[in-house]
1. Test of understanding: extend the Cα→C-beta vector of Ser92 to 7 Å, then name every residue of the range 117-135 with backbone N under 14 Å from that spot.
2. How far apart, in nanometres, would the label points at Glu33 and Asn65 be if each is projected 7 angstrom from Cα along the Cα-to-Cβ direction?
3. Based on other C-beta atoms within 10 Å, arrange Leu125, Leu95 from fewest to most.
4. Treating only the Cβ of Lys, Arg, Asp and Glu as charged (+1, +1, -1, -1), what charge dipole size does the range 69-135 show about its Cα centre? Round to the nearest 20 debye.
5. Going Cα to Cα from Lys31, which aspartates and glutamates come in below 12 Å? Please leave out same-chain ones fewer than 8 positions away.
6. List Lys104, Lys130 from most exposed to least, where exposure is judged by having the fewest other Cβ atoms within 10 Å.
7. Could you list, in their original order, any pairs among Lys47/Lys108; Lys57/Lys104; Lys47/Lys104 whose Cα atoms are separated by more than 18 Å?
8. How much length is gained on full extension from Asp79 to Asn105, taking 0.36 nm per residue of separation minus their Cα-Cα distance?
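Only the coordinates and a few stated rules stand behind these numbers; no lab work does. This is a predicted model, so every value here is computed, not measured. Methodologically, a virtual Cβ is constructed for each residue, glycine included, from the backbone with ideal geometry; neighbour enumeration extends over all protein chains shown.
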Amino acid sequence: MKNYSKSFLRIILIILITVMTTSCVSIDNTKYENGYYITELNYNFDKIYQMTINSIKTSITYDENGHPYYLVENSQNNDKATIVAIDNNDPSDRLKIIIYRISKNVTKIMIKYDSNGDSIRSSALLNTLKEWLAV
């Protein structure tokens, strides 16, 4: 009987750990894939695109040392925008944002810092954009 109890407790513990670690990324329907922090927002494409550009141009988005990013690519068509910015002090430090129009008022945004991604910095930028969008 004790062996079944220990096995049951181990299974419960594994389930709890799995739920806790995956919930950090799945809050607000976000996911982390290939270094991109990805979510869908209930705002139109143009508004999200403009807020994202403004966050880079006004230096709201900056590196770990407080240096601003500078826009180096800004391509947009009706349904997709790609924005790339670099840190002039460290050109290998890049910020890449891809925005997709899903429907009239639903937009997908993908945020990636550095070549491998940084979920903490990406989520911070996403939270800043959400605050601006809510105003």
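1. 117
2. Reported label-point gap for Glu33 and Asn65 is 3.5 nm.
3. Values: Leu125 21, Leu95 26.
Least crowded to most crowded, the residues run Leu125, Leu95.
4. Details: 9 positive and 8 negative charges, 89 e Å.
It comes to approximately 420 debye.
5. Within the straight-line limit of under 12 Å, Lys31 reaches these aspartates and glutamates: Glu40.
6. Numbers: Lys104 8, Lys130 15.
Fewest-to-most Cβ neighbours within 10 Å comes out as Lys104, Lys130.
7. On the way: Lys47/Lys108 12 Å; Lys57/Lys104 26 Å; Lys47/Lys104 11 Å.
From the list (Lys47/Lys108; Lys57/Lys104; Lys47/Lys104), the Cα-Cα distance tops 18 Å for Lys57/Lys104.
8. Details: separation 26, 0.36 × 26 = 9.36 nm, distance 1.22 nm.
Working it through step by step, the gained length comes to 8.1 nm.
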